[in-house]
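I have placed the structure first, in the form of structure tokens, so that the comments after it can refer back to it.
The values are calculated or read from the model by the stated rules, or taken from the named source; none is laboratory data. Just so we're clear, the structure is a prediction, and the values are computed from it rather than from any experiment. Cβ: placed from backbone, ideal geometry, glycine included. Neighbour counts: every protein chain shown. These area figures cover heavy atoms from the full protein model, side chains too; ligands, DNA and RNA do not enter into them. Shrake-Rupley method; radii C 1.70, N 1.55, O 1.52, S 1.80 Å.
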Amino acid sequence: MNYYCLNSNNKHKGKALQKSKIISIAFLFLVLIFLIETGESCACTCWAAAGDKVEGKGIILAKNRDYLPQPNELRLIVPETGYTYLGLFPVKGQKEQYVVAGINEKGLSVVSMTASSIPHAKRHPVKKGIVESILTSYESVDAVLKDKDFFSKIHPSFYMMGDKTKIAIIEVAPDGRFSSRETDNGILYHTNHYTDETLLWANEKIGKSSQIRLNRIGQLLMSHPTSFTIEDFIIFSEDRNDGPNNSIWRTGSAQDREMTLASWIIAIPKNSDPELYLKIANPKEPEKFYNMRLDRFFWTNGLE
């Protein structure tokens, strides 16, 4: 697989440093435990529109990626087998990370969300990247939804996807149970807890932020007076109506709190090439912006 990135006294001092490291590690551990137990880890807000809800038809799909401070980057992946795709990847040193939002050369876009309403230990994360599997293997939303066995074998999580005619949300619960909602003429939105009536039992604890963000993005979508444009979705992605920890764009009330690290917004017109808007807000770096037309030339020549 190939990928391309877009871009004496000393003795006492040593003991002090060692003690400091131990305290820092213990503090970070407590922070992670707090985030897991309160159901607020790995949060994201996703929303989409299709059909008459979109200016010029087609679909628009968006994901705000929220996580503890870490860098992210855009990569073009050319797998040994399957479809080439463009994706947003977290960066954690040498540790392998999986794509969290992407679109493949066939025009299928997929984003993921964590099921934070289930304790981390019960989610049983798998090693293989689910979003990567979808992007390299399927051409359309219908093709993914047709493969019922796929979602019955993966860990609890949420996925939103879209192509030029349809959008869908898949909620995967424990024990291989899952639900899907799809539309070719409407809106969908999601955060980090189960909303399908058949899977509400899976919510052990709904996080405050997840509920606030779900209500807010729903309000913005349903109160919009006209058909959506990608510019409307960009405005929504920057919404800070509910403070540093509960807004759609989260700045975090402290450096060790979750914050929004990227906005992935893809417009897929019914009769034209997809357009990507991506904002990456890596910690301690200037914000990066990408506006890209994903035409045949792009898929042939890549990011260069």
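The table below lists the values:
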{"quantity": "The lone exception for Met113 - which of (1) surrounded by fewer than 24 Cβ atoms within 10 Å (Cβ to Cβ); (2) at pLDDT 95 or above it fails", "calculated": "(1)"}
{"quantity": "Checklist (1) among the basic types (Lys, Arg); (2) farther than 20 Å from Met259 by Cα; (3) touching a strand residue (DSSP E or B) at 6+ places or on another chain (Cβ under 9 Å) applied to Lys95, failing item", "calculated": "(3)"}
{"quantity": "Extreme residue, farthest from the chain's Cα centre (by Cα), among residues of segment 187-238 that are over 21 Å from Arg250 (Cα atoms) and among the β-branched types (Val, Ile, Thr)", "calculated": "Thr226"}
{"quantity": "Residue within segment 290-299 that is in a helix (DSSP H, G or I) and among the basic types (Lys, Arg) present", "calculated": "yes"}
{"quantity": "Segment 246-287, residues that are open to solvent by less than 10 Å² (accessible area, probe 1.4 Å), among the small types (Gly, Ala, Ser) and part of a loop (DSSP other than H, G, I, E, B)", "calculated": "Ser247"}
{"quantity": "Residue satisfying all of: in segment 155-180; of a type outside the set (A, V, I, L, M, F, W, C) and more than 18 Å from the chain's Cα centre (by Cα); surrounded by the most Cβ atoms within 10 Å (Cβ to Cβ) among these", "calculated": "Lys164"}
{"quantity": "Segment 48-67, residues that are of a type in the set (A, V, I, L, M, F, W, C) and closer than 30 Å to Pro283 by Cβ", "calculated": "Ala48, Ile60, Leu61, Ala62"}
{"quantity": "Members of segment 184-202 found to be open to solvent by 30 Å² or more (accessible area, probe 1.4 Å) and either on the phi > 0 side of the Ramachandran plot or in contact with a Gly (Cβ under 9 Å, 6 or more places away or on another chain) (or both), listed by number", "calculated": "Asp184, Asn185, Ile187, Tyr189"}
{"quantity": "Condition met for Ser227 (in contact with an Asp or Glu (Cβ under 6 Å, 6 or more places away or on another chain), surrounded by fewer than 18 Cβ atoms within 10 Å (Cβ to Cβ) and at pLDDT 95 or above)", "calculated": "yes"}
{"quantity": "Set Ser133, Ser210, Ser140, Ser152: member being of a type in the set (Ser, Thr, Tyr) and buried (at least 21 other Cβ atoms within 10 Å of the Cβ)", "calculated": "Ser210"}
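Here is a yes/no grid of residues against (1) at pLDDT 95 or above; (2) outside any strand (DSSP E or B); (3) within 14 Å of the chain's Cα centre (by Cα):
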| site | (1), (2), (3) |
| --- | --- |
| Thr45 | yes, no, yes |
| Ala49 | yes, no, no |
| Arg65 | yes, no, yes |
| Leu76 | yes, no, no |
| Tyr83 | yes, yes, no |
| Leu88 | yes, no, yes |
| Gln97 | no, yes, yes |
